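Since every read-out is calculated from the coordinates, none of them should be taken as a lab result. What you see is a predicted model, and the numbers here were worked out from it, not measured in a lab. Please note: Cβ atoms are built from the backbone with ideal geometry, for glycine as well, and neighbour counts cover all protein chains shown.
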Amino acid sequence: MALCCRSTARILHIARLRLGPLQHRHRVEALPSVVESILGTTSTWCRWTSDRNSSDCSLNPKIPREPTWEPVAENELPPPTHVPADLVDKLERLALVDFRNQEGLDCLDKAIRFADQLHVVNTEGVEPMDSVLEDRALYLRNDTVGDGQCTEELLQLAKSTVEEYFVAPPGNIPLPKREERTAMLKNSEF
Amino acid sequence: MLLHISKYIITRHLKRAPNIYHSNISFRRIWTSCQRCQIQPQMKTKRHVSPEMVGVVGLEIHAQIHSTTKLFSSSQVKFSAPPNSLVSFFDASLPGTLPVLNRRCVEAAVMTGLALNCTINKKSLFDRKHYFYADMPAGYQITQQRLPIAVDGTLTYSHLGGKKRNQVVTKTVRIKQIQLEQDSGKSLHDDYRSQTLIDLNRAGVGLMEVVMEPDMSCGEEAASAVRELQLILQALGTCLGNMSEGQLRVDANVSVHRPGEPLGVRTEVKNINSARYLARAIDYEIQRQMEIVQAGGTVLNETRAYDQKSGNTVPMRDKEGLQDYRFMPEPNLPPLLLYDSENVPEGLDPTQVVLIDRLRAELPELPGIKRARLVETYGILPEHSFILVNEDGLVDYFESVVKETKAEPRKVIGWVMQELLGALNQQNLRVSQSPVSPSALAELVNLLEAGRISSSAAKLIFQELWKSPGKSAEQIVVELDLGLVNDREKLLRICQTVVDTHPEQVRAIRSGNKRVLNKLIGEVQKRTKGRADPALVRSILEEQTS
């Protein structure tokens with residue numbers, strides 16, 4: 001489940017970066033609603049949501065207490081994007097994710113559709129931003145040792161270790177070939 | 001489940017050329033190597049092909065920042081610590097961890113930028129560069145692609161040129177930019193068991209990537225530029241610059257063309273871990289490309305690795321098709337802002353402010369300035385100033401000797417260059433390991449200067465000092481009876497014997513061939529084990545042969 005969430009988040013990045021004009025020019029005040037609608041409307045498959053909803057919002061004053069959003073009507077959005085098989089291949093290779101089945105591909109389409117909402121935001125005369133932290137000071141840390149020395153703890157997380165090393169396969173795990181994947185997709189349809 | 005992802009990411013994927021540095025080749029006086037900048041293609045060129053092809057070389061140098069902790073985490077930076085002992089949760093890319101920038105790394109990059117005459121950007125940005133290697137668990141590297149911390153600099157370097165290779169040739173290479181970025185971990189490939197062992201101790205260590213414009217034309221120039229950069233970094237203390245420990249890593253972009261024509265297709269040569277190999281790898285690659293072009297072929301745009309055994313570059317098969325790093329702004333780091341003392345905004349916490357002008361004022365004496373000062377102060381040759389600065393500790397050694405002796409610095413430099421460096425090189429020792437201390441050498445030079453010993457005896461004494469450290473030059477003079485013989489009576493007798501036993505030479509001198517006198521002087525020195533006062537011997541012999 002978490003894997004799905006993570007992949008989708010990543011797909012969203014890709015969608016933003018590779019498809020259509022890059023929409024960094026959202027109004028700042030519009031952003032929290034977008035964030036909240038990600039978290040709010042997709043609660044069925046995102047574990048983080050339930051954690052956040054149940055946590056005490058007063059812990060971080062930057063998180064709005066109440067989610068607010070306005071749904072965007074379908075006819076306001078640009079035509080839906082279809083992701084061709086070649087592009088799916090490339091995305092899988094670049095992001096090292098495996099959409100695995102039709103459900104995964106549907107998830108990708110939905111993610112892109114979701115990102116399409118950004119096109120609706122009026123960015124006229126708004127300076128592009130990299131992040132909402134842009135106007136914050138970048139904290140500088142003193143050069144003194146604090147972390148580290150937790151080899152045991154970290155190694156416990158890994159599937160395979162040798163002495164104090166993590167073990168990885170010798171090279172890239174090749175993605176399944178196109179034909180193989182088509183077969184997989186067929187099998188996944190129900 | 002989230003933890004499972006980290007496992008997935010740590011254990012899945014990829015292979016890269018090992019980032020391990022076995023080589024332990026010292027970096028001594030690379031600019032006396034004898035590669036020539038104008039590489040002549042070995043194949044015969046046709047007459048009508050007018051201008052000769054030349055090599056074009058640009059460098060990308062990764063310099064590990066000399067800091068106590070990593071760039072974005074407070075785990076320690078240390079070479080050859082037990083595997084995975086210097087890894088924080090952030091370095092292992094566990095979910096929920098965030099980068100916290102190390103002030104020291106920012107200052108190091110600013111100092112390096114200033115030393116390389118760069119413009120320091122008062123605002124710079126961090127970006128993510130994505131690729132999947134098992135030794136980079138986040139799946140991306142934080143770097144500065146769009147707006148790096150320093151841009152538009154120059155590096156002035158020199159090497160020996162001219163027919164006798166004794167002229168100092170000075171050149172300049174433009175620095176495109178310096179960017180802060182994270183180092184990766186290390187992969188150890190176990191082919192036998194078909195697995196890769198991952199050590200993340202190096203993952204997240206701060207790097208300065210110095211990007212040079214393609215202003216160089218051969219391996220020797222590139223090696224000299226790298227050597228100069230290494231000296232500057234060491235003088236600044238921003239990087240220890242030890243290539244064998246991977247603190248300085250060089251990738252070279254190489255192409256060939258005829259001057260005036262557009263640049264040729266370039267290849268990138270990686271895996272270079274010593275300056276000597278850098279020059280060889282580049283020269284090999286230039287030669288290879290010239291041969292391809294002259295045979296009517298085309299050079300492929302590819303990454304090649306240098307093979308130390310064969311001295312060749314070979315293609316690296318690390319890229320499946322097109323690379324796409326999917327650069328994106330790093331969302332967790334706001335822009336890095338730097339200030340001058342004058343325009344620090346009010347109310348800013350001083351611990352959060354890096355002042356460019358203050359760092360500029362605190363810059364130490366850089367190698368170029370140091371050489372100029374040595375030439376100016378001591379009247380030594382420029383090439384000697386290069387050798388002095390090139391050897392770690394040699395400037396200090398030379399200056400202490402000069403301080404303790406009345407001899408001319410130009411005489412001292414002879415001893416340092418010939419005797420000291422010769423002996424050090426022979427035994428592959430560093431200056432700090434010299435058995436002859438600066439004051440011992442100063443005493444020896446003083447004895448010579450005072451006329452107490454001959455120069456050949458002095459050389460002998462130096463050998464003795466080398467063999468038995470702790471003894472003084474004076475002691476050795478007494479022990480080996482090497483004091484100058486200037487007893488006129490004694491020398492008269494010896495000279496007379498020499499004159500009597502060499503009638504032919506004496507006849508030659510008397511008939512006008514004065515140069516034969518040197519032969520007789522040599523004979524006298526032989527009989528006195530080189531201890532006779534040469535001026536006295538000459539005057540006695542002149543009298544006896546007149």
- Task: Tell me the label-point distance for the pair A:Lys159, B:Ser511, using the 7 Å Cα-to-Cβ offset, in nm and rounded to one decimal.
- Result: 9.9
- Helix B:438-449 sits off the longest principal axis of the Cα atoms of chain B, rounded to the nearest 10 on a 0 to 90 degree scale, by 30
- Note on the structure: Amide H proximity to A:Gln149 below 5 Å, modelled H, separation 5+ or other chain, gives B:Leu86, B:Val87
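Pulled fully out, how much extra length does the chain show between B:Ser80 and B:Asn312, if you take 0.36 nm times their separation in residues and subtract their Cα-Cα distance? Can you show the working numbers first?
Working: separation 232, 0.36 × 232 = 83.52 nm, distance 2.97 nm.
Going from the current span to full extension adds 80.6 nm.
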- Based only on Cα atoms, what Rg/Rh ratio does the stretch B:404-546 have, Rh being taken as Kirkwood's radius? 1.07
- Between B:Lys406 and A:Glu66, what is the FRET efficiency for a Förster distance of 51 Å, r being their Cβ-Cβ separation, to the nearest 0.05? 0.05
- Query: Over the Cα atoms of the stretch B:98-219, what is the Rg over Rh ratio if Rh follows Kirkwood?
  - Reply: 1.11
- Given +1 on the Cβ of Lys and Arg, -1 on the Cβ of Asp and Glu, and no further charges, what dipole in debye does the stretch B:488-545 carry about its Cα centre, rounded to the nearest 20? 180
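Using a 10 Å cut-off on Cβ to Cβ distances, tally the other chain neighbours for every residue of B:127-134 and report the average as a whole number.
Numbers: counts 1, 1, 0, 6, 2, 5, 2, 7.
Partner-chain Cβ atoms within 10 Å, mean over residues of B:127-134: 3.
For the stretch B:488-545, what is the Kirkwood hydrodynamic radius in Å, using each pair of distinct C-alpha atoms? Display every interim value, and only then the final one.
Numbers: mean 1/r = 0.0907 Å⁻¹.
It works out to 11.0 Å.
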- Burial-style ranking of B:169-176, B:513-520, average other-beta-carbon count within 10 Å with highest first, yields B:169-176, B:513-520
- Quick one: Cα centre-to-centre distance for the stretch B:256-306 and the stretch B:169-196, in angstrom? 19
- For the residue pair A:Leu105 and A:Gln149, what label-to-label distance in nm results when each label sits 7 Å from Cα along the Cα-to-beta-carbon direction? 5.4
- Mean Cα-pair separation over length for the stretch B:488-545, i.e. relative contact order, pairs under 8 Å, 6 or more apart, %: 44
- Task: Work from the charge dipole of the stretch B:488-545 (Cβ charges, +1 for Lys and Arg, -1 for Asp and Glu, about the Cα centre) and give the residue of B:Leu541, B:Thr528, B:Cys495 farthest towards its positive end.
- Result: B:Thr528
- Nearest-20 debye value, the stretch B:417-468 charge dipole, Cβ charges on Lys, Arg, Asp, Glu: 100
- Message: So the label point goes 7 Å from the Cα of B:Arg174 along Cα→C-beta, right? Which residues of the stretch B:205-234 then have their backbone N under 13 Å from it?
- Response: B:212-216
- Message: I need the P(r) histogram for chain B: all alpha carbon pairs, bin width 10 Å from 0 out to the longest distance, whole percents.
- Response: 3, 14, 20, 20, 16, 11, 7, 4, 2, 0, 0
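Per residue of A:154-161, how many C-beta atoms from partner chains lie within 10 Å of its own C-beta, taken as a mean? All intermediate terms of the calculation are to be shown ahead of the outcome.
Values: counts 11, 4, 1, 8, 8, 6, 4, 6.
Counting other chains' Cβ atoms within 10 Å and averaging over A:154-161 gives 6.
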- Task: Compute the acute angle (0 to 90°) between the alpha-carbon long axis of helix B:455-467 and the principal axis of greatest extent of the alpha-carbon atoms of chain B; round to the nearest 10°.
- Result: 50
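When the chain is fully extended, how far beyond the present Cα-Cα distance does B:Lys164 get from B:Asn486, taking 0.36 nm per residue of separation?
Numbers: separation 322, 0.36 × 322 = 115.92 nm, distance 4.05 nm.
Stretched fully, the B:Lys164-B:Asn486 segment lengthens by 111.9 nm.
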- Query: Using Cα atoms only, what is the angle between the long axis of helix B:2-11 and the major principal axis of chain B, expressed in degrees (0 to 90) to the nearest 10?
  - Reply: 40
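Tell me, B:Asp183, B:Asp533, A:Asp98 in order of fewest to most beta-carbon neighbours within 10 Å? The partial results should precede the final answer.
On the way: B:Asp183 24, B:Asp533 19, A:Asp98 15.
Listed from fewest to most nearby Cβ atoms, that is A:Asp98, B:Asp533, B:Asp183.
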- Task: Pop out the ³J(HN,Hα) list for the stretch B:210-216 in order, Karplus 6.51 cos²θ - 1.76 cosθ + 1.60 with θ = phi - 60°, rounded to Hz; leave Gly and Pro as x.
- Result: 9, 9, 9, 6, x, 9, 10
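Could you work out, residue by residue across B:189-195, how many beta carbons of other chains sit within 10 Å of that residue's beta carbon, and then give the average as an integer?
Numbers: counts 3, 4, 1, 0, 3, 3, 7.
The shielding value for this peptide is 3.
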- Positive-end extreme of charge dipole, the stretch B:381-441 - chosen from B:Leu421, B:Ser439, B:His384 (charges on Cβ): B:Ser439
- Message: Can you work out the Karplus-derived ³J(HN,Hα) for every residue in the stretch B:236-241? Use 6.51 cos²θ - 1.76 cosθ + 1.60 with θ = phi - 60°, whole Hz, and x for glycine or proline.
- Response: 6, x, 7, 8, 6, x
- Query: Given H placed on each backbone N at 1.01 Å, which residues far from B:Met216 in sequence or on other chains put an amide H within less than 5 Å of it?
  - Reply: B:Val57
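If the chain between B:Asn428 and B:Asn301 were fully stretched, how many nm would it gain, using 0.36 nm times the residue separation less the Cα-Cα distance? Present the calculation step by step, with values, prior to reporting the outcome.
Values: separation 127, 0.36 × 127 = 45.72 nm, distance 4.02 nm.
Net length gain for the segment: 41.7 nm.
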- Message: Averaging over every viewing direction, what projected area does the convex hull of the Cα atoms of the stretch B:367-479 cover, in nm²?
- Response: 6.5
